[in-house]
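Here's the structure we're looking at; comments come further down.
The values are calculated or read from the model by the stated rules, or taken from the named source; none is laboratory data. Computed from a predicted structure; not experimentally measured. Neighbour counts run over all protein chains shown; Cβ positions are idealised from the backbone, glycine included. Keep in mind that these areas ignore ligands, DNA and RNA; they rest on the heavy atoms of the full protein, side chains included. Shrake-Rupley method; radii C 1.70, N 1.55, O 1.52, S 1.80 Å.
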Amino acid sequence: GFGSLMQDVLWCFSQVKGTIDVGVTEADVISTVEFNHTGELLATGDKGGRVVIFQREQESKNQPHRRGEYNVYSTFQSHEPEFDYLKSLEIEEKINKIRWLPQQNAAYFLLSTNDKTVKLWKVSERDKRPEGYNLKDEDGRLRDPSMITMLRVPVLRPMDLMVEATPRRVFANAHTYHINSISVNSDYETYMSADDLRINLWNFEITNQSFNIVDIKPANMEELTEVITAAEFHPHHCNTFVYSSSKGTIRLCDMRTSALCDRHAKFFEEPEDPSNRSFFSEIISSISDVKFSHSGRFIMTRDYLTVKVWDLNMENRPIETYQVHDYLRSKLCSLYENDCIFDKFECVWNGSDSVIMTGSYNNFFRMFDRNTKRDVTLEASRENSKPRAILKPRKVCVGGKRRKDEISVDSLDFSKKILHTAWHPSENIIAVAATNNLYIFQDKVN
């Protein structure tokens, strides 16, 4: 039940755990979080271009409570800083998105992207090494052929487990603008990458060309009125995808209609209430994230103040709207001045599409139960991160008398923001990135 949902912190660790011993620098800020399809692995990317993969511990008879604890499995540098000499532009190494491919064999594959280049990584284990070569000795030096008197059959000997990450494909030079989304298609042969004005379709086997499926760049850039903010493939239909825009609209496209999907199949937009119109209306209506439900029936979008759920069969308005932090509506002026109004919050579904989660400020994150319409505000912080400590719901007070357990809207810390979260595909386990810390919370009944 949602009453106990997410109220039990099993553990919390930061990205400085274990082998990654670094101070709190800009490079350590987590920029994406993603569970793989089984939930056994959890990947984070950071502003320093690193990918850290955590693996879930298997349950042991002596320590049954340790089931579910995630420990560092592999760390590798995915992207390096680059410089575009033609445009005199620095290209940051920051990982914008990570997407896992479904596991087909013993190895794991994931896509990671910075602003310009997508890479396909293979993560595999080695626990045996060959010994007993004929032409080399055990140190790898070549032996004198005249000294070789007998033929040896090389054998595989056990060794300490090594996890290797190797780049298998590099998909570069296809984006003029910054990549904001990558999405793996359900055919597992193709994926798409989206930037501000274009969406490209790639085949996993072909790195030197992609097919441009959406191009909203006007002939005259002065006529530019909107940009693409996020894009995702339908979870089951390989011909369907959606993309959202800075104008608060969502377009659903069908690749069977025509090669270039400039004309959408469906257009989702909620008419604006004229009484709410203000200087900030356009900025706060920009959609920062779009996600299909696991069932494929709904789409969820996040704008600055709300999360909306849309039914694919109803384009004129969302079927559900959830206020994430409505108390900030009166603070938009100062949020505009400190640039927070441009923050891009993500949103995620739980495994059964019944609960949705998204982040807020002051290291708060919000959960909305779609069935009971109950919602809760929880906080990811080091103060309450003792193992198995229960998370207390937080409340924000908007004026008048403040109760003891409430926090005033004026004392919220806007530098602490939960932009990136992930939900285990089948269990009530969530990962929450708070600046350079990664928190993992588990439902008490789990």
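Among the residues making up the range 405-445, those that are more than 30 Å from N180 (Cβ to Cβ), surrounded by fewer than 16 Cβ atoms within 10 Å (Cβ to Cβ) and not small (G, A, S) are D405, E406, D410, V445.
Please indicate, with yes or no, whether at least one residue in the range 273-287 is modelled with pLDDT of 90 or more, open to solvent by less than 60 Å² (accessible area, probe 1.4 Å), of a type outside the set (F, W, Y) and part of a loop (DSSP other than H, G, I, E, B). Checked against the condition, which is being modelled with pLDDT of 90 or more, open to solvent by less than 60 Å² (accessible area, probe 1.4 Å), of a type outside the set (F, W, Y) and part of a loop (DSSP other than H, G, I, E, B), the range 273-287 yields at least one hit. Of all the criteria given as (1) crowded, with 21+ Cβ neighbours inside 10 Å; (2) in contact (Cβ under 8 Å) with a residue 24 or more places away in the chain, the one not satisfied by R251 is (2). Please work out if F292 is touching a Leu at 6+ places or on another chain (Cβ under 8 Å) and aromatic (F, W, Y). No.
Within the range 201-217, being open to solvent by 10 Å² or more (accessible area, probe 1.4 Å) and not β-branched (V, I, T) holds for L201, N203, F204, E205, N208, Q209, S210, F211, N212, D215, K217.
Residues in the range 259-297 that are of a type in the set (D, E, K, R), touching an Asp or Glu at 6+ places or on another chain (Cβ under 9 Å) and over 22 Å from S186 (Cα atoms): 1 in all. Being open to solvent by less than 50 Å² (accessible area, probe 1.4 Å), in a strand (DSSP E or B) and of a type in the set (A, V, I, L, M, F, W, C) is a property that M192 has.
Kindly indicate whether any position in the range 150-163 is in contact with an Asp or Glu (Cβ under 9 Å, 6 or more places away or on another chain), more than 30 Å from D137 (Cα to Cα) and either open to solvent by 60 Å² or more (accessible area, probe 1.4 Å) or not in a strand (DSSP E or B) (or both). Checking the range 150-163: not a single residue is in contact with an Asp or Glu (Cβ under 9 Å, 6 or more places away or on another chain), more than 30 Å from D137 (Cα to Cα) and either open to solvent by 60 Å² or more (accessible area, probe 1.4 Å) or not in a strand (DSSP E or B) (or both).
A search for C-beta distances below 6 Å between a residue of the range 290-301 that is without any contact (Cβ under 8 Å) to a residue 60 or more places away in the chain and under 15 Å from W423 (Cα atoms) and any residue that is of a type in the set (V, I, T) and surrounded by fewer than 23 Cβ atoms within 10 Å (Cβ to Cβ), counting only pairs 6+ apart in sequence or on different chains, returns M300/V309.
For the range 92-138, give me every one of the strands (runs of 3 or more DSSP E) that falls completely inside it and has 3 or more residues that are modelled with pLDDT of 95 or more and open to solvent by 10 Å² or more (accessible area, probe 1.4 Å). Once the strands (runs of 3 or more DSSP E) in the range 92-138 are filtered for at least 3 residues that are modelled with pLDDT of 95 or more and open to solvent by 10 Å² or more (accessible area, probe 1.4 Å), what remains is 97-100, 118-131. Assess whether R402 counts as being surrounded by fewer than 21 Cβ atoms within 10 Å (Cβ to Cβ), farther than 29 Å from F342 by Cβ and in contact with a strand residue (DSSP E or B) (Cβ under 6 Å, 6 or more places away or on another chain). So R402 passes the test.
Scanning the range 73-91 for residues that are small (G, A, S) and either part of a strand (DSSP E or B) or open to solvent by less than 60 Å² (accessible area, probe 1.4 Å) (or both) turns up S74, S78.
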